[in-house]
Amino acid sequence: MTHPHPAPALTVVGLLSGTSYDAVDAAVCDLRLDGDEILLHPRGLHSAPFPDELRRAVAACLPPARTTMAEVCRLDTELGRFFGRTAAEAVETAADGRADLVVSHGQTVYHWVEGPRARGTLQLGGAAWIAEATGLPVVSDVRTRDIARGGQGAPLASTLDALLLLAGGPGGTPRRGALNLGGIANITVRGASGEVVAYDLGPANALIDAAVADGTGGAETMDTDGARARRGTVDRELLGRLLDEPYYALPAPKSTGKELFHGAYLRERVAAGAGPRPSLDDLVATVTELTAELVAAACRQYGVGELVVSGGGVRNPALMARLAKLCAPALVSRMEDHGLSSQGKEGYLFALLGFLTVNGLPASVPSATGAREAALLGSITPGARPLRLPEPAAKTPVRLRVV
């Protein structure tokens, strides 16, 4: 039922820099509460490539590399300034120069996991720099509160997935799952009792990018258009060793990152084989197949009839073709079929999370993250004006509708 007096819309900028740290996406949208629904009107997506020097600085501090607190401090500042410039550009280009809120995920540099438990997480990109550049309040550090309540702090995509893609449909609609292919692949599905289940499956672009960068001496950083995977042949013996990774046997909810799946990890697995080292194209084909195998196994486990895919991995036709083949009879579709761009989905996700926060609404799904209970997420940095938050919402939304 529609509320007779819908709340006013907020124009929100959702900022995301993923684990590939090649660009920052700023997704701009209007969000408002309408009874038990959230209405989302996409305004546009502005992407800015990482400056080369900043990209090198991020790479130099990521595990298993060692870093110093001085380097962390400089990186936090430079990322904050870069994110601030990008957010300000997005407000001008996609919001006619007027917005109400910025939500920044920041750049993940470490996700602290011990066995099945997440202990902490660190995203850099100082929110004060974003607030200074835009004059707008900023919601940041959105993962830590969930971890403080015993959760994984991930995958937060489960919030948008549950409201938009898993909220139910007409009788006979296939059971739907949502897959995001970033550096890490994460999936959201419904469990046997109807609860939302979400977890990091394992690597997506992380090992593909690592194989290409290592094999070309850094001349290439990704498998553009899946060309190497298409030329290569899967090394089944190596694939078997990769699939023996203990992480995959952990029960959901669980989370992971490049702390585990990095170039040195892949080199060690390759070196453990008795046969000849695979060619670069064969190695890329093998780690591409790894991701497809992990996704297909999850689809079988949860009886997925339609898998909605988003993230940078949708631009890899070799990976998408293997998903379509291995996930069959499940239909593999894209986020565009549901009103949002595949590239922009996570930016819109963080816009949604910050919108929920400023409206006093918990933004995590405990059954997905493993937290004891849902939490208000993030810290709020005031903008140029005194901070004014809306009255806390009276009704918890159960559905997200793209308009």
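The values are calculated or read from the model by the stated rules, or taken from the named source; none is laboratory data. Just so we're clear, the structure is a prediction, and the values are computed from it rather than from any experiment. Here the Cβ is made from the backbone with ideal geometry for all residues, glycine too, and neighbour counts use every protein chain on show. Protein only, heavy atoms only, side chains kept; ligands, DNA and RNA dropped before computing areas. Shrake-Rupley method; radii C 1.70, N 1.55, O 1.52, S 1.80 Å.
Got at least one residue in the stretch 281-296 being free of Cβ contacts under 8 Å to residues at least 24 places away in the same chain and not aromatic (F, W, Y)? Even if it seems obvious, please write down each step before you answer.
Of the residues in the stretch 281-296, the ones free of Cβ contacts under 8 Å to residues at least 24 places away in the same chain are none.
No.
Is there a residue being in contact with a Pro (Cβ under 8 Å, 6 or more places away or on another chain) and closer than 25 Å to P49 by Cβ anywhere in the stretch 145-166?
No, the stretch 145-166 has no match at all.
Just to check your reading of the model, which residue among H111, H105 is in contact with a Ser or Thr (Cβ under 9 Å, 6 or more places away or on another chain), closer than 22 Å to L349 by Cβ and modelled with pLDDT under 95? If you could, list the steps in order and put the result at the bottom.
Values: H105 fails: modelled with pLDDT under 95.
Being in contact with a Ser or Thr (Cβ under 9 Å, 6 or more places away or on another chain), closer than 22 Å to L349 by Cβ and modelled with pLDDT under 95 holds for just one of H111, H105, which is H111.
Can you tell me which residues in the stretch 206-232 are part of a helix (DSSP H, G or I) and acidic (D, E)?
Going residue by residue through the stretch 206-232, those that are part of a helix (DSSP H, G or I) are 206-215, 224-231.
Across the stretch 206-232, the qualifying residues are D209, D214, D225.
Is the stretch 37-56 home to any residue that is in contact with a His (Cβ under 6 Å, 6 or more places away or on another chain) and not in a loop (DSSP other than H, G, I, E, B)?
Step one: of the stretch 37-56, the residues in contact with a His (Cβ under 6 Å, 6 or more places away or on another chain) are none.
Checked against the condition, which is being in contact with a His (Cβ under 6 Å, 6 or more places away or on another chain) and not in a loop (DSSP other than H, G, I, E, B), the stretch 37-56 yields no hits at all.
Hey, among the residues in the stretch 63-96 that are of a type in the set (G, A, S) and open to solvent by 10 Å² or more (accessible area, probe 1.4 Å), which one's nearest to V24 (Cα to Cα)?
At the first step, the residues of the stretch 63-96 found to be of a type in the set (G, A, S) are 65, 70, 80, 84, 87-88, 90, 94-95.
Remaining after also requiring open to solvent by 10 Å² or more (accessible area, probe 1.4 Å): 65, 70, 88, 94.
Details: A65: 23, A70: 24, A88: 13, A94: 15 Å.
Across the stretch 63-96, the extreme among qualifying residues is A88.
Would you confirm whether or not the stretch 37-47 contains a residue that is under 30 Å from A213 (Cα atoms) and either of a type in the set (V, I, T) or touching a Pro at 6+ places or on another chain (Cβ under 6 Å) (or both)? So that I can check it myself, show each step before the final result.
Just the residues of the stretch 37-47 that are under 30 Å from A213 (Cα atoms), to begin with: 45-47.
Filter once more, so that each one left must be either of a type in the set (V, I, T) or touching a Pro at 6+ places or on another chain (Cβ under 6 Å) (or both): none.
Checking the stretch 37-47: not a single residue is under 30 Å from A213 (Cα atoms) and either of a type in the set (V, I, T) or touching a Pro at 6+ places or on another chain (Cβ under 6 Å) (or both).
Starting from the stretch 303-322, keep only residues that are open to solvent by less than 20 Å² (accessible area, probe 1.4 Å), then list their pairs with residues that are modelled with pLDDT of 95 or more and assigned to a loop (DSSP other than H, G, I, E, B) whose Cβ atoms are within a distance under 7 Å, requiring at least 6 positions of separation or different chains.
V304/A330; L307/A330; G313/A204; N316/D223
Name the residues in the stretch 300-334 that are in a helix (DSSP H, G or I), of a type in the set (K, R) and within 19 Å of the chain's Cα centre (by Cα), would you?
The first filter runs over the stretch 300-334 and keeps only residues in a helix (DSSP H, G or I), leaving 300-302, 312-315, 317-327.
Add one more test, that the residue is of a type in the set (K, R), and what stays is 300, 315, 322, 325.
The answer is R315, and nothing else.
Quick check on the stretch 221-230. Is at least one of its residues within 25 Å of the chain's Cα centre (by Cα) and at pLDDT below 95?
Yes, some residue in the stretch 221-230 is within 25 Å of the chain's Cα centre (by Cα) and at pLDDT below 95.
Scan the stretch 357-403 for residues that are without any contact (Cβ under 8 Å) to a residue 24 or more places away in the chain and in contact with a Pro (Cβ under 8 Å, 6 or more places away or on another chain) and report the count.
Residues that pass the stated criteria total 1.
Specify the residue that is least open to solvent (accessible area, probe 1.4 Å); the eligible residues are those in the stretch 233-249 that are outside any helix (DSSP H, G or I) and touching a residue at least 40 places away in the same chain (Cβ under 8 Å). Reasoning before the result, please.
Initial filter on the stretch 233-249 (outside any helix (DSSP H, G or I)): 233-235, 244-245.
Subsequent filtering for residues that are touching a residue at least 40 places away in the same chain (Cβ under 8 Å) retains 233-235, 245.
Numbers: T233: 91, V234: 38, D235: 41, E245: 19 Å².
Checked the stretch 233-249; the qualifying residue least open to solvent (accessible area, probe 1.4 Å) is E245.
Being over 23 Å from P116 (Cβ atoms) and polar (S, T, N, Q) is the filter; apply it to the stretch 176-232 and report the residue that is most open to solvent (accessible area, probe 1.4 Å).
Only one residue tops the list, namely T224.
Being within 24 Å of G194 (Cα to Cα), outside any helix (DSSP H, G or I) and open to solvent by 30 Å² or more (accessible area, probe 1.4 Å) narrows it down to one of A252, A297, so name that one. Outline the logic, then answer.
On the way: A297 fails: outside any helix (DSSP H, G or I).
Of A252, A297, the one residue that is within 24 Å of G194 (Cα to Cα), outside any helix (DSSP H, G or I) and open to solvent by 30 Å² or more (accessible area, probe 1.4 Å) is A252.
Pairs please, first residue from the stretch 23-46 and among the β-branched types (V, I, T), second anywhere and modelled with pLDDT of 95 or more and open to solvent by 30 Å² or more (accessible area, probe 1.4 Å), Cβ atoms under 8 Å, 6+ apart in sequence or on different chains.
Correct list of pairs: V24/S47; V28/P42; V28/R43; V28/L45; V28/H46; I38/R32; I38/R399; I38/R401.
Quickly run through the stretch 344-367 and pick out the residues that are surrounded by 20 or more Cβ atoms within 10 Å (Cβ to Cβ) and either among the acidic types (D, E) or not in a helix (DSSP H, G or I) (or both).
Matches in the stretch 344-367: G344, E346, N359, A363, S364, V365.
Can you confirm whether G311 is out of contact with any Phe, Trp or Tyr (no Cβ under 9 Å at 6 or more places or on another chain) and modelled with pLDDT of 95 or more? Break it down stepwise before answering.
Working: out of contact with any Phe, Trp or Tyr (no Cβ under 9 Å at 6 or more places or on another chain): yes; modelled with pLDDT of 95 or more: no.
No, not satisfied.
Given the conditions (1) more than 22 Å from T159 (Cα to Cα); (2) assigned to a loop (DSSP other than H, G, I, E, B); (3) among the hydrophobic types (A, V, I, L, M, F, W, C), which single one is not true for A7?
(1)
Can A393 be described as open to solvent by less than 60 Å² (accessible area, probe 1.4 Å) and either of a type in the set (V, I, T) or in a helix (DSSP H, G or I) (or both)?
no
Just to be sure I understand the filter: pairs with C-beta atoms under 9 Å, separated by 6 or more residues or on different chains, first member in the stretch 61-85 and farther than 25 Å from A210 by Cβ and free of Cβ contacts under 8 Å to residues at least 60 places away in the same chain, second member open to solvent by 30 Å² or more (accessible area, probe 1.4 Å) and among the β-branched types (V, I, T). Which pairs pass?
G84/T134
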